[in-house]
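Below is one structure, written out as structure tokens; comments come after it.
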Amino acid sequence: MYRARVRTLIDKTQAAGIPQLVLSVGRKEQVNNFEDDLKSTAAVLDELSEDAAKVNVKILLEMPHVWQLYDDADKSKRMVDTLKSDNIGVLIDSTHWHVNGYDLDDYVCFLGDRLWHVHLRDAAGQDTVGGNYQLEITPGQGEVDFKLLGEILDKYDYCGDVTLETEYKNYQDPSEVDRENAFAFAHLRSVGWEVAADGL
């Protein structure tokens, strides 16, 4: 079922002219044996990424991701080391970095040219057994250190895509989205990000 669903997504992504597709894998609470799940998941991702390569679509894995199999940096590194396809890259989300608390400098250095995309979104709190954290906050209204994030990306000469990820579903009117985006851009500029007049 997962393979069929992803192949449909690949076809739709290609038809829409979108160059990259972010895939999810099993949630961490569904993991029975990490080593077995890691190997089988990587094998499926490798297979699907080769299908995607045939239609010029790249596969992204958002990791670490606090809800998924690779919920911390160590598991994410293991996933990268297990993958064989060069058509799979990594997306770092600033919220998951914050709530997980992993060593971003070490992780970005490890990823090297596997880092293809960055999401800018704010968060508050830390990942705990009770899930006492918030992920869907506009940059500048939470606890993420965007200055440090930018400095680390610059340190390793990151030149990939960056996306501002404000949570539109939380707003009732498009003007609210515009205000949140303007606030986020102003905050990012204030901590050293180069932000064009119309965004990143």
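The values are calculated or read from the model by the stated rules, or taken from the named source; none is laboratory data. In this text the structure is predicted, and so the values were computed from the model without any measurement. For neighbour counting, all protein chains shown are included, and Cβ atoms are generated from backbone atoms with ideal geometry for every residue, glycine included. Side chains are part of the model used for accessible areas, which takes the heavy atoms of the whole protein and leaves out ligands, DNA and RNA. Shrake-Rupley method; radii C 1.70, N 1.55, O 1.52, S 1.80 Å.
Quick rundown of the values:
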| quantity | calculated |
| --- | --- |
| Output for the stretch 132-151, where each listed residue is touching a residue at least 12 places away in the same chain (Cβ under 8 Å) and more than 19 Å from residue 105 (Cβ to Cβ) | 133, 135, 136, 137, 138, 139, 140, 141, 142 |
| Selected residue (criterion: surrounded by the fewest Cβ atoms within 10 Å (Cβ to Cβ)) from residues of the stretch 80-101 that are under 14 Å from residue 121 (Cβ atoms) and in contact with a strand residue (DSSP E or B) (Cβ under 8 Å, 6 or more places away or on another chain) | 91 |
| Residues within the stretch 161-200 that are at pLDDT 85 or above and either acidic (Asp, Glu) or not in a loop (DSSP other than H, G, I, E, B) (or both), tallied | 24 |
| Only one of 51, 74, 11 that is touching a Phe, Trp or Tyr at 6+ places or on another chain (Cβ under 9 Å) and not aliphatic (A, V, I, L, M) | 74 |
| Only one of 118, 162 that is open to solvent by less than 20 Å² (accessible area, probe 1.4 Å) and without any contact (Cβ under 8 Å) to a residue 60 or more places away in the chain | 118 |
| Any hit, the stretch 64-72, residues being of a type outside the set (S, T, N, Q) and not in a loop (DSSP other than H, G, I, E, B) | no |
| Within the stretch 20-35, considering residues that are β-branched (Val, Ile, Thr) and within 25 Å of residue 58 (Cα to Cα), the one modelled with the highest pLDDT | 22 |
| Filter result for residue 183 (among the aromatic types (Phe, Trp, Tyr) and either crowded, with 19+ Cβ neighbours inside 10 Å or more than 22 Å from residue 28 (Cβ to Cβ) (or both)) | yes |
| Residues (closer than 20 Å to residue 90 by Cα, among the aliphatic types (A, V, I, L, M) and touching a Phe, Trp or Tyr at 6+ places or on another chain (Cβ under 9 Å)) located in the stretch 124-162 | 144, 149, 152, 162 |
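For (1) small (Gly, Ala, Ser); (2) open to solvent by less than 60 Å² (accessible area, probe 1.4 Å); (3) on the phi < 0 side of the Ramachandran plot, each residue gets a yes or a no:
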site: 30; (1), (2), (3): no, no, yes
site: 42; (1), (2), (3): yes, yes, yes
site: 50; (1), (2), (3): no, no, yes
site: 61; (1), (2), (3): no, yes, yes
site: 69; (1), (2), (3): no, yes, yes
site: 78; (1), (2), (3): no, no, yes
